[in-house]
Structures are given as C-alpha cells and as structure tokens.
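The values are calculated or read from the model by the stated rules, or taken from the named source; none is laboratory data. Just so it is clear, the model here is predicted, and its values are computed rather than measured. Note: ideal-geometry Cβ built from the backbone for every residue, glycine included; neighbour counts use all protein chains shown. Calculation scope for accessible area: heavy atoms of the full protein, side chains included, ligands and nucleic acids excluded. Shrake-Rupley method; radii C 1.70, N 1.55, O 1.52, S 1.80 Å.
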Amino acid sequence: MKSMKLSTFILITATVFSIWSSSFEGCSATQAMHWRKLKAVPATYNVLDYGAKGDGHADDTKAFELAWADACKMEASTMIVPSGSIFLVKPISFSGLNCDPNIVFQLDGKIIAPTYPAAWGSGTLQWLEFTKLNKITIKGKGVIDGQGSVWWNDSPTNNPTSESTNTTSQFSALRFYGSNGVTVTDITIKNSQQTHLKFDSCTNVHVSNINVSSPGDSPNTDGIHLQNSQDVGIYSSTLACGDDCVSIQSGCSNIYVDNVNCGPGHGMSIGSLGRENTKACVTNVTIRDITLHDTLTGVRIKTHQGGSGSVQDVMFSNIQVSRVETPIIIDQYYCDKGKCQNYTSAVAVSNIHYINVKGTYTKEPVYFACSDNLPCTGITLDTIQLQSSSSEVVPFCWEAYGELKTKTVPPVDCLEKGNPSSIGIQSNKNSC
C-alpha cells in the first residue's frame, strides 16, 4: 500500500514538472521570438524630435547634429528628414568616426543652404558632408537646395566663400569622403553653389534615379564629380547643370555610367587631368546609353600639357546627341585659362572606343587633338553618324591613331592607322 502511494506521488510530481517545463519553454520561446522581432525593427531618429523647426528660417543645424549622433550609435538605424518641412542647415559634417554600419539618411523634406556670408566662414569647401562611413544610404523624395544664385555672381560680396572657390578645389553641395558602400537614390539636388554631388576617395558607390538641376549658365556646377574613387555605378538619372554632367577625375577606376540624361551642361567628361604637371590615372570606364542635348560637348577626355600618367580602357557606347557643339573630343591641350604654357610631357590616352554615337552637332563632329610626344593610340570608331544642324564640318585629328570599324558619317579620314613610331607612350602608361 505504501509502495503504491509512493509510486503514485512520483507519477503526479513528474507530470506536474513536465507540464510546468513545457509552459516555461513555450513562454521562453514566445519571449525570444518577441525579442527577435523587436531587434529586427530598426531605430529611427526624426530631426523634429531633436528640436528642428522646419520652417525654412530657423537654424536647424544643431538638431541635425544631435539626430545624427544618436543614429550613428545604432547599426541599421534611420535618420529621418520628414516631408512637409523646409530645414535651413549650415555647413555640417556627418562623421562616421565610431559609427555603426548601414545607416540610412531618409530625405523626404527639403534642406536649404544659408545665403548669408556669416554662415559659411572662410575656407569652407562643402556644405553637407558624409565622411569615413561604412555602408551609408541617402534616399527619399526630398530636395537639397543650395540656393546657389548668390554664388554665381563673380562679386566677392555675393559669394559667401569667395576666398576658397577656384578651379582646383570647387565647393560641393553634397560630398562623400573616404567611405565604402555608398548609395544615393531618388533624391533631387538643385542650384548647388558649385559641384552638386561629389565622391572623393570612396569605393562601391551606387547612384540611381537622382535629379540634378541648375541653370545652364551657372558656373562650375558639375552634376556628379568623381575623384580617387573605385567601383562606381551611376544609373537612370537626369543631370542638368552649368558644367560637366559627370566629371571623372584622377584616381578613378571601374566606373560604369548607364542611362543618364544630360543637358544643359558641358557633357560627360574624363578630366581635366594633369593640371600643374601632376600625375593622373584613370582606367576601365564605361559610359553607355546616354542622351545629351544642348551641351557644350558630348563625350570628352581633356588633359593639360605637362601632366603624366594615363587614361586607358574607356568605352563610350550608345550615345545620342542633339544640338551638341562637339559630340566627340579628346583634347590633350586643354587650357581653362587665358594662356597655358607648352610642355612636352602629357597624360597618355589609349584604348578609347566609340560605339554607336548618333545625332546632331552645331560646331564640329569629331575633335582629336593629341600630344606630339605622346599621341593617342588605340582609338576605335564604330557606327558613328553625326549630322550638322547647319553646314557640314570636317573632323579634326592630330597625332591620333586607331581604327575605323565601320564607315562613319561624316568620314573620319584623319584618324591614322596603326600605332606611332614613338614608344614613349608605353613608359608613361606604365607609370600608373
């Protein structure tokens, strides 16, 4: 009897423990799942919660700094610039120092720049700057407005940082420096003081569906400027400005530009390179499916005398031009001053391919002005059909060597076949 009672007690105790354990495990699993869901929701930081007024008059710089400081501490966080508000922001740097990766800057409102000199100080070279970040995204339907008309007047009184604006170090409205995994998509940048969007020393850059807008006569207002950057893709964007729609500078490689509408502006440019006897290296560039209208040039390579280094392995493909002054240019005598000194050294230009370039020009169809000492080599022309909007002009070539893959309109008979006798180009090309 006692044995039966003992066994019954043990059975009941085991049953209760089993039920309790199952309940605990179920609760723990539910709590764990709930915690995982909580962790999956990214943190958001709205600038309005940090004191931003968003009325277009009050200085909201501090609110942006505070929101960024908190967003920076949380991986995959989102800093929100909400729609329906206009935020006046002074020059600001969003630093990636001690930041977690994968931060999103959600721009749905409008950010405007100050127009009074006291807000800028002297020596300022950028307005909105993102530096040393790993995987940073700027996206949204918002607008960055540089209110640049006060800059475009040559008078120092109207130019807030006239001391710092020159041809070698232009001001940028939105600049990324020393960052990896940069994405810029869907936003609008307008009326920049000078360059609209700049990438300096960046890798793995993706730009898509952006709009750049400033008047065709606004000086030095490049659309997208690349410098010392690698593995860059620019896609499906509309760029209207007063200078190069896309400017590719020294230190750039693996650049891919596709489906871009350019105009007004100065066209799609590699360079200028080799300024003041400097070394410049650009390689592996593809620019394709481009529409250009009412621009100074179409696709251009421009280098200064006296430079060194090389531009090589470039393809311009499926380029449609309309009312473009000169659709195809290589200029190794580029000079943006009244007078430039003659030098024998030059940035070497080789393996440049033009495929399916069609449309109308207003000045001259093809202009190849290459160095006496380092001629251009490896130029190929395939399916070139360029019609004058007035009277036909004969293409110009000087020390340009390559091959006509097909007949061209007009005939580019001036392109010399084969390679020059000089071997200097090889040694200069290898300097990169």
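Some notes on this structure:
- Matching residues in segment 250-281 - criterion: being open to solvent by 30 Å² or more (accessible area, probe 1.4 Å) and out of contact with any Cys (no Cβ under 9 Å at 6 or more places or on another chain): Asn254, Tyr256, Asp258, Asn259, Arg275, Glu276, Asn277, Thr278
- If you go through segment 282-295 and keep only what is open to solvent by 10 Å² or more (accessible area, probe 1.4 Å) and farther than 17 Å from Ile234 by Cα, you end up with His293, Asp294.
- Residue count for segment 94-118, restricted to those that are at negative phi and in contact with a Lys or Arg (Cβ under 9 Å, 6 or more places away or on another chain): 14
- Condition check for Gly306 on (1) of a type in the set (Gly, Ala, Ser); (2) modelled with pLDDT of 95 or more; (3) more than 26 Å from Gln230 (Cα to Cα): one failure, at (3).
- Hey, Asp313 modelled with pLDDT of 95 or more, among the acidic types (Asp, Glu) and closer than 14 Å to Ile234 by Cβ or not: no
For every residue, the table says whether it meets (1) over 19 Å from the mean Cα position of the chain (by Cα); (2) charged (D, E, K, R); (3) in a strand (DSSP E or B); (4) closer than 24 Å to Trp398 by Cα.
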| position | (1), (2), (3), (4) |
| --- | --- |
| Val260 | no, no, yes, no |
| Ile270 | no, no, yes, yes |
| Ala280 | no, no, yes, yes |
| Thr286 | no, no, yes, no |
| Thr291 | no, no, yes, no |
| Ser310 | yes, no, yes, yes |
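- Filtered by the rule that a residue be open to solvent by less than 10 Å² (accessible area, probe 1.4 Å) and either closer than 28 Å to Asn153 by Cα or among the polar types (S, T, N, Q) (or both), segment 228-249 gives Ser229, Ser237, Leu239, Cys241, Gly242, Asp244, Cys245, Val246, Ser247, Ile248.
- Tally of residues being on the phi > 0 side of the Ramachandran plot and open to solvent by less than 40 Å² (accessible area, probe 1.4 Å) across segment 354-373: 1
- Residue satisfying all of: in segment 312-326; open to solvent by 10 Å² or more (accessible area, probe 1.4 Å) and more than 23 Å from the chain's Cα centre (by Cα); nearest to Gly359 (Cα to Cα) among these: Ser322
- Close Cβ contacts (under 6 Å, 6 or more residues apart or on different chains) running from residues in segment 265-281 that are more than 27 Å from Ser218 (Cα to Cα) to residues that are of a type in the set (Val, Ile, Thr) comprise Ala280/Val347.
- Test: His225 is in contact with a Leu (Cβ under 6 Å, 6 or more places away or on another chain), open to solvent by 10 Å² or more (accessible area, probe 1.4 Å) and not hydrophobic (A, V, I, L, M, F, W, C): no
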